[in-house]
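Encoded as structure tokens, the structure appears first; notes follow it.
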Amino acid sequence: MNETVPALRIQNLSKRYGRTVALDGVSFDVPRNQTFALLGPNGAGKTTLMHILCTILKPDSGVAEIAGFDVVKDPLEARDRLGIVFQEPSLDDRLTVRENLNIHGLVYGVPQSLRRERIAEMLELVELTDWADKPARSLSSGMKRRVEIARALIHDSEIMLLDEPTVGLDAQSRQRIWEYVRRLQKERQLTVLVTTHYIEEVETCDQVCIIDNGAVLAIDSPGALRHRQGEQLLKFVPRTEADRIEILNRFSDRLALLQGTTEIALKADDDFIESFLDQFGNRVRSLSTEVPSLETAFLSLTGRKLRDRDADAREVTLAFGKRGGEHTR
Amino acid sequence: MSLASPDQTHTSTYRPQPRRRRNWFMVQLGGLYGLWLREVMRAVRDRGQLIGGASRPILWVLILGIGLNPYFRGEVYGQATFVVPFTYLQFIFPGVVALNVMFTSVQSAVSVIWDREFGFLREVLVSPLSRTTILLGKVLGGSTVALMHGCLVLVLARFADIPLTAMGVVKAIGLMAILSFAVTSLGVVIANRIRTFEGFGIFSNAVIMPLYFTSSSMFPLDPALSKEQTYVTYPEWLVTIVEYNPLTYAVDSLRGVLIHYNQFEPWIGVAVMVAAAVILFAIALYDFRRA
């Protein structure tokens, strides 16, 4: 396999449903062995993009390549390299955890000996070995998610697509899921593309792509995104009144906030902080920096958090299943 | 094992497989087996479906069959006299077999809707299996389950006074297999045309029951009567529907095998069923590939 080919290459990808534009010329590359987050409000086009990548939806125009294989022209090669965790749970509730994994292995053509080995290994990784022979319906939703992650890795997947993997889970389960994903990335050459709308989760990703209304608003590392959207603040309390006056005079152009008679806040960047510390490091107390959160970056880019709309046919069916409708288990 | 970076602290047993072309056919065959296995395992675990599959024929055979038994023989309608040399129980028994097969077939086909949008099928659709393999696995699995439910009815044969021979059972199983394949395909064809679904009731009322009631499984069209005489006995529209209902011929050939009574030529039933199975599967496949 060619290591120079990016794990994912998306170029000018567009898709519309009737008059609604779901994706509008999206382009980005995901290098190998990175964790790449797609962040966007509901209806931004994240899931559409995911569906195109896993070859169940055809784009109107543009190119999407998985490890160099075009998802439209070479879907089988592309699928073979993908491990997918869908947004809605898709385990078979009536089968046991092991049976679920085994059937996945069969469907993906993993030879029997390797299948057995991988199932044991993956169950251990997600710490569910004890649950292997329990029916999937007896698992909590967090555990089901873990099984689904294990399942996505039974075959030789190089790229894992996670569509909102932590939605609807409690904080502890969410943290665990991320722990497994990171551990996996260390153990196995794995590129992870994850969509989420939990901002705190993307902090640890290598790259974040913010999309809304089907268009890419920004792609960068989480740190850079934060910096881009707001300035850092350097907060400190001068030791003496003389220091205070000197600093205020010298950096009056950078002054952001003057709190009471003690604390001063200056607009800062990394270089400024360094030179400031060189000169005044021993003349200030209780020094702190305030970094703008990704949340502010996200809000300023998209301008909102959620979007309400009518339920479509798909959601009606999903609601039916959630009520425990027939033939949905 | 070569690790990615020297500072790697984790050890892994992960063994990447060399990416050589595995035999395409073998992969499809393994996948087909996986899909089939899943359908069968699901059905065996679903107690509700099993109870339904067992209680339905008991109700039809014991209650309806026994209740209507005395009214069946030697009825006189104007000039025409029915002489079907069987009890009503014997007469409707093959129909009940067909009914049970149909219910189960359509039931498993209906789960395609859910499966495709959210469940297992979505996962399979992104696997290296071809659409044909996926659909074939699903339909074969559904037919196998339906076949099992058909056999459940055969167990009741002695209560309906039907002597089962080994040959008869083998032939009946063969016919049930073709029928279940055809009806499962029909279920998938319908399922593919429906975006939302709120359960199985609609299907049962709109598809299975009308097909069943107009298939001559509840009442015979006397073969001794001419067309004109039949029209005297029954309204014309009913006779027409019965004659155009493919299930009529399936029930008829089952009846031929089980109680040696045919209203039509025995081969017609087999031919109609095979044709229906092939055509319906082809349509289902066409839809499925497009979707």
Query raised in the report: Taking the stretch A:36-151, how many lysine pairs are there with alpha carbons less than 27 Å apart, if each pair must be eight or more places apart or span two chains?
Result: 5
Query raised in the report: Measuring from the lowest to the highest alpha carbon on each principal axis, how far does the stretch B:24-290 reach, largest first, in angstroms?
Result: 65, 35, 34
Query - Globularity ratio of chain A, using Cα Rg and 2.2 N^0.38 Å - result: 1.21
Query - For chain A: relative contact order, % (alpha-carbon pairs under 8 angstrom, 6 or more apart) - result: 20 percent
Report task. Please report, to two decimal places, log10 I(q)/I(0) for the stretch A:42-181 at q = 0.11, 0.15, 0.19 Å⁻¹ as given by the Debye formula with identical point scatterers on the Cα atoms and no solvent. Result -> -0.42, -0.77, -1.14
Requested in this report: Arrange the following residues from fewest to most other Cβ atoms within 10 Å of their Cβ: A:T96, A:T195.
Outcome: A:T96, A:T195
Query raised in the report: What angle do you read, to the nearest 10 degrees and between 0 and 90, between the alpha-carbon axis of helix A:171-187 and the longest principal axis of chain A?
Result: 80 degrees
Query raised in the report: For A:89-96, what's the mean count of beta carbons from other chains sitting within 10 Å of each residue's beta carbon?
Result: 5
Query raised in the report: Arranged by the count of other C-beta atoms within 10 angstrom, fewest first, what order do A:H104, A:H51 take?
Result: A:H51, A:H104
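Values quoted throughout were computed directly from the atomic coordinates according to the rules given, and no laboratory measurement underlies them. Please read all numbers here as calculations on a predicted model, not as lab measurements. In this analysis, Cβ positions are derived from the backbone assuming ideal geometry, glycine residues included, and neighbour counts consider all displayed protein chains.
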